[in-house]
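Following: one structure in structure tokens, then a few remarks.
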């Protein structure tokens, strides 16, 4: 979750918000291995130029930051003011851009807003800026269960609310599993009975009598069917109260803030409908006492920002001495950063990604270094005193020399399988298109006692694999070597396995490399190939994401038609060949991919491997009956609550199918309560 922070340093309440007028930042962009000093003459101080550079960078990056118009903040006449909405990543990105382009740090400052309101705060510790938060909560009232019939009409637990010519009406009687829908015209009356599917709003227990300002009251909620709490939330939809709620607890607390009408919205994970609570808040009563009885409630938001933490020996350095300085984010989450200095008294050695850098003292004097850890808004300046070296110490020091160990290449997964999968008898195996991910690892040590582990990632396009690591199997289990590939009998499918039993190493040829590679930690993988017979009595053809226009069984009816292709004949025999699989239940509107073995003369399908890659039908049709109604929303809730019974392949005869699961997932994140709510909103005309 994005942490929102407010930049505050050297705060003044009279100014509204602290401006970031830190010491000048020097040198080069983050990640440069050997920084070069930038002169003061090269630093950009022209406000018009800075404003133009910032506007262009903000537009290119799409940052949630704005350059305020000149004169909007008269307290900053000599600075460009940057307005932002509590977005740490954006203002740090702009801060890095300013450092990379040698923009004078004293030429611009920041003003932070929250929902359009200028933020104010105070700072006690320059390394960590916080204000306190007082959060308050609100409680609920008992709500009756809600039921919906199969046509999407809403009734209460007594079945009283019905639809009369499109308008809600009241009718007496208890449904007992059914409800009556009455319809009147000018002269006739008809009634029909349908099955009721129960869907509940949470039961809420809360005292809704009038509250007083400053009063706190507790409440609870739960699923009326299971009497349990599954997650849920409690929100105040008016600013007269505040709510405290710990997710999953089912209990909450409401504090009255000011006079008026208070409204609460309560959701429980197992209930598809929302519970609502409304009550009044009146002025608090007063009592004549010596001390005031009214205690104001102050609510502010906690905002935290960090200064880079630096750890180093602060004693004077001697000319020629090399000293290591460590830096980090105070939370320990740092992954590198940047180091800046314009002094010619020192030399900085820094490698991108490290949380340390080395400083070599060159001559006497006082040098300063600005240090930035990634994720920190404030950059401290390190001051280094340099004194003359002892007579026996020379300014020449043995350089650090790195010695590398023997590195190896490791397997890291298959990126793409070979492109060619259909062959003619007599052809050789073609691995073109096979791409794997790999990485090289090695340890290195230096003459100064330092050591580190290096890892380099690769993407390898495979040209060839040593034959001893390739095995071909027929669908009946007969084994062949790679050299026997041209002798494979056509009209059949085979499985190619890459990898040697009992070995985690493989030898292969990589495109662009002169010598073979040895790859360790290898995990074997397989793919299927198909071979056309020389007599052409049958032929394998590839189907790629083709839309089904018609599908029906029959050896001569040509009932299987794919868009843009000839019509095929298919019967149940095509499903009965061992080792092959054509997915069942193909329907018009589906999209399919795979390989089919056909008679090239009459397009009869003998067998094949064919999968549905996209199911046709209406989004939300969870039970795959051709229409979207409340039964689909209920099946989604049942599958979520009891997947063993109602999920794919569940024990209940009405369980969800693969088609139903695909259609029920309306936003691509798997089926959730939101999918059921989307269906209800659609049926109620709310979306």
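Nothing in this text is a laboratory measurement; each read-out follows from the coordinates by a stated rule. Please read all numbers here as calculations on a predicted model, not as lab measurements. Cβ: placed from backbone, ideal geometry, glycine included. Neighbour counts: every protein chain shown.
The length gained by stretching the chain between residue 326 and residue 514 to full extension, at 0.36 nm per residue less their Cα-Cα distance, is 63.5 nm. What does a probe at residue 212 reach in the range 240-258, counting residues whose amide N is under 13 Å from the point 7 Å along Cα→Cβ? Within reach of a label on residue 212, which here means backbone N under 13 Å from a point 7 Å along Cα→Cβ, the range 240-258 contributes 256.
When 245, 494, 113 are arranged by Cβ crowding within 10 Å, least crowded first, meaning fewest neighbours, the order is 113, 494, 245. Stretching the chain fully between residue 425 and residue 440 yields a gain of 1.5 nm (0.36 nm per residue, less the alpha carbon separation).
In terms of its alpha-carbon gyration tensor, the range 630-683 comes out prolate; a/c meets the 1.5 threshold, and the first ratio a/b outweighs b/c.
Highest mean packing first, where packing is the average number of other Cβ atoms within 10 Å per residue, the peptides 253-260, 72-79, 520-527 line up as 253-260, 520-527, 72-79.
In the range 630-683, Cα pairs under 8 Å separated by at least six residues give a relative contact order of 38 percent. Paramagnetic label reach from residue 89 (point 7 Å along Cα→Cβ; backbone nitrogen cut-off under 13 Å): within the range 38-79, residues 62-64. Model label points for residue 447 and residue 524, set 7 angstrom from Cα along the Cα-to-Cβ axis, are 5.0 nm apart. The range 572-639 and the range 489-556 have their alpha-carbon centroids 23 Å apart. Considering the range 539-614 at the alpha-carbon level, its Rg and Dmax are found to be 10.9, 30 Å.
Maximal additional length on extending the residue 385-residue 280 stretch stands at 31.0 nm, based on 0.36 nm per residue less the C-alpha distance. State the Cα centre-to-centre distance between the range 407-454 and the range 662-677 in whole Å. Spelled out, the Cα-based centre of one part sits 38 Å from the other. Over the range 355-423, Cα pairs under 8 Å with separation of 6+ residues give a relative contact order of 23 percent.
Computed from the C-beta positions of residue 505 and residue 567 and an R0 of 41 Å, the FRET efficiency is 0.25 to the nearest 0.05. Relative contact order of the range 327-451, taken over Cα pairs closer than 8 Å and 6 or more residues apart, is 19 percent.
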